[in-house]
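The structure appears below as structure tokens.
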Amino acid sequence: MSRTAVFIRNIALIAVLGSFVFFFGQPRGARGTASGGPNVVATVNGESIPRDLFEFMREQNQEAFRQSNQEGADPQKLAEAIDQTTRGSLVRLYLTAQEAQALGLRISEQAVIEDFQRAPMFQSDGHFDRELAERFINRTGLGQNGYKELHRRILLDRDFMRYVSSPVRVSDGEVRDEILRAETKVTLRVATASKAALREHISVTPEEVKSLLAREPERVKGAYQTHIADYTREEQIHARHMLFTGDDAEALAIQARARVLAGESFADVAKQVSADAATRSEGGDLGTFPRGRMMPAFDEAAFSLEPGKISGPVKTDRGVHLILVESHQAASQTPYQAVQEKLAEGLLREDKASEEARNATNRVLDAVKAGTPFAKAAAAQNLPVTVTAPFGFRESFVPGLAGVAELHDVALALTPEQPVPQRVFSDADGLYVVELQTRDVPSEEKLAGEMSAMRERLLQRQRDVTAQLWLGKRLDELKAAGKLEQYPLYPDRGRATE
């Protein structure tokens with residue numbers, strides 16, 4: 001995941017938490033006109049969400065996010081994400097409070113006060129600190145009545161979402177399965193038939209090569225195209241340079257060039273005068289490189305020089321250079337005809353290695369099914385046996401065998417009674433026979449001890465899913481009916497978050 005994606009994920013979490021911790025209803029001015037304007041950021045069922053509430057909530061989200069000490073997000077994208085999430089949380093808050101009241105749910109003023117006073121942020125030595133609460137409310141700019149109304153709205157939101165998700169149930173079987181999935185761990189014995197290891201001992205005759213070229217010419221040509229980079233060489237040069245910096249760089253370069261033209265070695269002069277510490281001790285040797293590796297001006301000058309010639313001063317962002325090209329190799333490509341036999345031989349080795357690997361692993365599997373111990377069956381075919389690290393349902397692949405995607409689920413279904421799958425597995429590197437070595441599952445006592453906590457986690461997960469499904473459907477209905485409007489947040493800056 002990119003850092004920006006992590007930022008946006010965190011913002012979403014912070015905003016959801018913020019909507020429960022900080023924002024409890026409608027402040028002053030929230031029941032204004034349903035039309036957009038500088039003081040309204042959205043309307044929900046004709047009820048306006050005022051800008052002062054949006055700004056307050058956004059500031060809280062910004063501060064919470066700043067304290068998370070994340071780095072690396074694009075500032076503009078981050079600001080837009082906070083804007084969207086802030087307004088989205090407010091839209092959800094207004095909608096759920098409206099739905100709660102439509103169902104007849106009510107929150108008394110006494111309930112609002114008591115819940116407000118229990119908030120951890122207003123506690124001091126285990127007691128409600130009125131002065132602390134008043135200072136915070138004064139900083140919000142919403143006033144006591146507005147803040148109390150916000151608190152009432154969030155309590156309505158809480159009760160309504162409980163109502164929406166109240167039908168959710170989780171069976172004992174679902175709870176047990178989840179615990180088993182979380183805590184079951186498996187290890188495997190793996191007998192490996194490596195294609196690379198087998199290829200080393202395979203011989204191919206000239207007659208076999210000719211036969212393949214005659215029988216499957218397109219296959220061999222396809223291998224050539226697949227590995228065309230191996231047979232292609234870019235234009236490249238071997239060059240040295242001297243670097244000069246400072247106000248008199250060009251004059252110094254001209255002096256050094258004159259010394260070389262007078263007979264001194266380019267490398268010796270570079271060791272004495274070049275400002276490039278990375279190459280100075282090597283006489284300015286840059287090695288061999290293709291076009292595009294160096295800065296454009298350097299590239300243009302270097303690739304236009306004849307070998308053995310020294311350039312005039314070449315200016316780049318680093319300074320002034322003198323360049324000497326020692327050799328120049330043109331781009332080239334080895335023709336298909338020159339390598340077709342080698343390609344055919346490689347394909348034949350691959351075919352034979354695959355066949356030997358398949359035969360060896362099938363013999364191991366057959367022997368194990370017949371009752372031969374796994375290690376003995378593998379040793380009879382000269383196949384090494386390894387043991388995987390423990391893995392479970394939460395891992396997406398078998399450790400060390402990530403390329404064998406289908407093995408994961410098969411392995412987790414193995415039992416001591418049926419420890420060997422009925423097939424051989426493969427990837428690009430080889431073929432594998434596996435056997436269950438260990439299967440660790442939680443005891444009945446542990447299962448019983450974790451049932452209650454796991455049930456609550458599953459219930460909460462299902463409640464969240466149910467609530468989100470309801471919310472998404474209801475918002476879609478409001479949009480379709482024209483009862484949900486979101487207005488440009490920053491019309492003067494030409495930036496709108498819809």
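Some points to look at:
- Scope region 224-248; condition among the small types (Gly, Ala, Ser) and surrounded by 18 or more Cβ atoms within 10 Å (Cβ to Cβ); matching residues: 239
- Matching residues, region 200-215, being part of a loop (DSSP other than H, G, I, E, B) and either within 30 Å of residue 300 (Cβ to Cβ) or in contact (Cβ under 8 Å) with a residue 40 or more places away in the chain (or both): 202, 204
- Residue match in region 482-490 (condition: within 32 Å of the chain's Cα centre (by Cα), buried (at least 17 other Cβ atoms within 10 Å of the Cβ) and either over 19 Å from residue 85 (Cα atoms) or in the same structural domain as residue 54 (by TED's automatic domain parsing) (or both)): yes
- Cβ pairs under 9 Å, 6+ apart, first in region 464-487 and without any contact (Cβ under 8 Å) to a residue 24 or more places away in the chain, second surrounded by fewer than 17 Cβ atoms within 10 Å (Cβ to Cβ): 465/168; 477/483
- Of the residues making up region 276-292, one or more are closer than 30 Å to residue 223 by Cα and of a type in the set (D, E, K, R).
- If you go through region 262-307 and keep only what is in a strand (DSSP E or B) and charged (D, E, K, R), you end up with just 285.
- Condition broken by residue 151, with the remaining ones in (1) in a loop (DSSP other than H, G, I, E, B); (2) farther than 19 Å from residue 458 by Cβ satisfied: (1)
- If you go through region 373-415 and keep only what is part of a loop (DSSP other than H, G, I, E, B), without any contact (Cβ under 8 Å) to a residue 60 or more places away in the chain and more than 22 Å from the chain's Cα centre (by Cα), you end up with 373, 382, 406, 413, 415.
- Scan region 398-426 for residues that are of a type outside the set (A, V, I, L, M, F, W, C) and either buried (at least 17 other Cβ atoms within 10 Å of the Cβ) or touching a helix residue (DSSP H, G or I) at 6+ places or on another chain (Cβ under 9 Å) (or both) and the total you get is 6.
- Single match in 87, 66, 31, 58 (criterion: at pLDDT 60 or above, touching an Asp or Glu at 6+ places or on another chain (Cβ under 8 Å) and either in a helix (DSSP H, G or I) or within 29 Å of residue 113 (Cβ to Cβ) (or both)): 58
- Out of 488, 390, 399, sole residue that is of a type outside the set (A, V, I, L, M, F, W, C) and out of contact with any strand residue (DSSP E or B) (no Cβ under 6 Å at 6 or more places or on another chain): 488
- Residues in region 289-328 that are touching a residue at least 24 places away in the same chain (Cβ under 8 Å), surrounded by fewer than 14 Cβ atoms within 10 Å (Cβ to Cβ) and farther than 23 Å from residue 273 by Cβ: 327 only.
- All of (1) in contact (Cβ under 8 Å) with a residue 24 or more places away in the chain; (2) under 13 Å from residue 325 (Cβ atoms); (3) surrounded by 15 or more Cβ atoms within 10 Å (Cβ to Cβ); (4) not charged (D, E, K, R) hold for residue 274 with one exception: (2).
- Single residue of region 340-371 satisfying the filter (exposed (fewer than 15 other Cβ atoms within 10 Å of the Cβ) and of a type outside the set (D, E, K, R)) that is nearest to residue 227 (Cα to Cα): 359
- Restricting region 423-449 to residues that are touching a Leu at 6+ places or on another chain (Cβ under 8 Å) and part of a loop (DSSP other than H, G, I, E, B), the residue that is nearest to residue 198 (Cα to Cα): 427
- Among the conditions (1) touching a helix residue (DSSP H, G or I) at 6+ places or on another chain (Cβ under 7 Å); (2) without any contact (Cβ under 8 Å) to a residue 24 or more places away in the chain; (3) under 30 Å from residue 262 (Cβ atoms), the only one that residue 367 does not satisfy is (3).
- Where a residue in region 90-109 is in contact (Cβ under 8 Å) with a residue 60 or more places away in the chain and its partner, wherever it lies, is among the small types (Gly, Ala, Ser), with Cβ under 6 Å and at least six apart: 91/42; 93/19
- Restricting region 120-159 to residues that are within 20 Å of residue 49 (Cα to Cα), at pLDDT 85 or above and in contact with a Leu (Cβ under 9 Å, 6 or more places away or on another chain), the residue that is surrounded by the most Cβ atoms within 10 Å (Cβ to Cβ): 153
- Output for region 256-271, where each listed residue is over 14 Å from residue 323 (Cα atoms) and not charged (D, E, K, R): 262, 263
The values are calculated or read from the model by the stated rules, or taken from the named source; none is laboratory data. Worth saying up front: this structure is predicted, and the values here are computed from it rather than measured. As a convention, Cβ positions derive from the backbone with ideal geometry for all residues, glycine included, and neighbour counts pool all protein chains shown.
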